[in-house]
Amino acid sequence: MKKITVFSFSEKGNRVNLEIAELLSSDAEVESSLQSADAGSLVERTERAFRGDALIFVGAAGIAVRAIAPFIRSKDKDPAVIVIDELKQHVIPILSGHLGGANDLARSLAELLSAEEVITTATDINKVFAVDSFASERGIGIENPERIKDVSAALLRNEEVGISLSPFLSDIFPKTLHLVPKCLCLGVGCRKGTEYDKLKSFILDFLKDRNISLSAVSDIATIDIKRNEAAIKRFVDEHNLGLRFFTAEELKDLPDSFGFSESDFVLEKTGVSNVCERSAVKRALELGGEGRVSLLEKKQVSGGMTLAVALYDGTGGTGDIHPEGEKPGEDPGKSCEDPEKSGSGRGSISVVGIGPGSPDKLTPEAGRAIIKADIVIGYRVYTELIKELTEGKTVISSEMRRERERCGKAREYALKGNRVAVVCSGDAGIYGMAGLIFEVCANDPDIEVTVIPGITAALAGGALLGSPLTNDFSVISLSDHLTDKETINKRLRAAGEADLVTVLYNPKSRVRQDSLKEAVEILMERVPPDRVCGYVKNIGREGEIKKLCTLRELPEEDIDMFTTVFIGNSDTVIINGRMVTERGYREA
Ligand code: SAH
């Protein structure tokens, strides 16, 4: 229950004070701090009240401001403070309008007293989304509250902002505000008498290495024989967590679909083959409900301590916070068989499309796959583009045309039990590495290969130009490195013949200076020279250019290997300077 203290300084004020206490008492624990001879100093009373959830001052705003001034700390810690004049005309939230809930409390008080609320926070009066209210209403923590004001300021200027709602703390946007829902349970095991400092560093380092926020952790769970383990108790107390114990019988009673690691050693000692993974999942199921729980991090072992993390839906069903592609039992992480033996388990490769270049076109799923990887492999230009996500990881960059070598390396590392991310620009499957990874790993069923799609140049470029791909289209690469010229020409002719909008990838290279010119000549056998065309260069990177022209003009244009070319079909027109293929919608 919320703790509210109401202060008053006059007889009239005292009457209003008692009225407010009465009105709020059904939903909160309310204390009336009345003006009287033996009330004690206001400073002391305010200090005590500041540990609660809200302070209401009946009287002048100045008195309230002076009383609270010594105790104000920060947006995310201060209680709500409200002032009401003694004639009950105005209810004014003066501190913690959003995170502390002062605005909401003022609104309900105003309604109860038939008074008027005086709201002064800019997001509210301008009717702009207030991220701190959003978070506090849902019990979601804010990892970097110092950024709230930047987000509100940007929204008021009608600019874009980057907000992540996730237990992970990686910056997927140039400036990310991290909202962290409580959605994780840690399963812990340790030898009897484990030192507190040892356990603490193990847990905190484990989370830090994985970019997981401690604020996302709601509970620690373990087996009941650890009931008196002082280190676990202290960790829970110091970090304000829930603590849950399960019997061996309860831990056995879980579906195998989570893919728990089994250990005879642990079975012998405790009566169940795995303590940390099972208790984490068991507690997560209690909190998050069936079907919405996964084993996020499998058992890790260090110095006789074990740790695993389970994820549940901590948003109360208001949003899906499950990392895609992580179904129970599919965790690609390393697993260790018993506490004293660490070794390599099943490795994995994700082939990740990172989009054309700018971070806002990198999907959250792609970002997570890179963050979760132990090793990142890719062509140097691409690994440079995602540098912020790969800090502290092994990054293997290579030059162009080393595709087989790159994929071979990915396979080798995966066989050793690593999580490998192979990054490609745009989409991972479109002229990317995904196909080759499957070929290279054809005889390694133990390596789990996942393909994570990205925004390909045709889509990002098409959007920049307008809507050239409204109807059927074809995509043709002019590179004759792996496809012979005859085949390319045959496909160009067919596309022209079929009146398909055509997107050309790899239009030119240093050694293929004439390839675009030749392609245009072939197309002009079927397509009129004044056909609407466009091209986009360096999408999402420095030097981004988009331009419209005709088919005849294309060979003269400034087009290189970082350009994607769009050739319209007979329905393609220019509308207000944008390239649009009309699909033929007519008024009914
Ligand atoms: N997998 C990539 C394509 C790789 S082939 C994707 O899905 O986008 C390389 C070609 O893609 C380039 O020659 C160019 O035609 C196109 N391309 C890739 N990134 C681009 C960008 N940022 N701007 C313009 N064209 C790009």
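Before moving on, here are some points about what is shown:
- Checking each residue in segment 348-402 for being assigned to a helix (DSSP H, G or I), surrounded by fewer than 17 Cβ atoms within 10 Å (Cβ to Cβ) and within 12 Å of the ligand (Cβ to nearest atom) picks out only VAL381.
- Complete set of residues in segment 432-455 that are open to solvent by less than 60 Å² (accessible area, probe 1.4 Å) and either under 16 Å from GLY357 (Cβ atoms) or not in a strand (DSSP E or B) (or both): GLY432, MET433, ALA434, GLY435, LEU436, ILE437, VAL440, CYS441, ASP444, ILE447, GLY454, ILE455
- Subset of segment 101-153 [open to solvent by 60 Å² or more (accessible area, probe 1.4 Å), hydrophobic (A, V, I, L, M, F, W, C) and part of a loop (DSSP other than H, G, I, E, B)]: PHE129
- Going through (1) surrounded by 14 or more Cβ atoms within 10 Å (Cβ to Cβ); (2) at positive phi; (3) more than 11 Å from the ligand (Cβ to nearest atom) one by one, ARG578 falls short only on (2).
- Condition met for GLY429 (surrounded by fewer than 20 Cβ atoms within 10 Å (Cβ to Cβ), modelled with pLDDT of 95 or more, within 12 Å of the ligand (Cβ to nearest atom) and within 30 Å of ALA373 (Cα to Cα)): yes
- Any hit, segment 517-529, residues being in contact with a strand residue (DSSP E or B) (Cβ under 8 Å, 6 or more places away or on another chain), within 15 Å of the ligand (Cβ to nearest atom), within 13 Å of LEU504 (Cβ to Cβ) and not acidic (Asp, Glu): yes
- Restricting attention to segment 20-35, the residues being free of Cβ contacts under 8 Å to residues at least 40 places away in the same chain, touching a helix residue (DSSP H, G or I) at 6+ places or on another chain (Cβ under 8 Å) and over 13 Å from PHE57 (Cβ atoms) number 2.
- When ASP558, ASP571 are checked against the criterion of being under 42 Å from the mean Cα position of the chain (by Cα), outside the structural domain of ASP427 (by TED's automatic domain parsing), surrounded by fewer than 16 Cβ atoms within 10 Å (Cβ to Cβ) and within 16 Å of the ligand (Cβ to nearest atom), a single residue qualifies: ASP558.
- Some residue of segment 274-293 being in the same structural domain as ASN211 (by TED's automatic domain parsing), under 14 Å from VAL309 (Cβ atoms), surrounded by 15 or more Cβ atoms within 10 Å (Cβ to Cβ) and acidic (Asp, Glu): yes
- Per the listing ILE92, ILE172, ILE163, the residue uniquely at pLDDT 95 or above and either open to solvent by 10 Å² or more (accessible area, probe 1.4 Å) or part of a loop (DSSP other than H, G, I, E, B) (or both) is ILE92.
- For the residues ILE437, ILE476, the requirement of being under 24 Å from GLU525 (Cβ atoms), within 16 Å of the ligand (Cβ to nearest atom) and not hydroxyl-bearing (Ser, Thr, Tyr) singles out ILE476.
The values are calculated or read from the model by the stated rules, or taken from the named source; none is laboratory data. Everything quoted here is computed from the prediction, not taken from an experiment. As a convention, Cβ positions derive from the backbone with ideal geometry for all residues, glycine included, and neighbour counts pool all protein chains shown. These area figures cover heavy atoms from the full protein model, side chains too; ligands, DNA and RNA do not enter into them. Shrake-Rupley method; radii C 1.70, N 1.55, O 1.52, S 1.80 Å.
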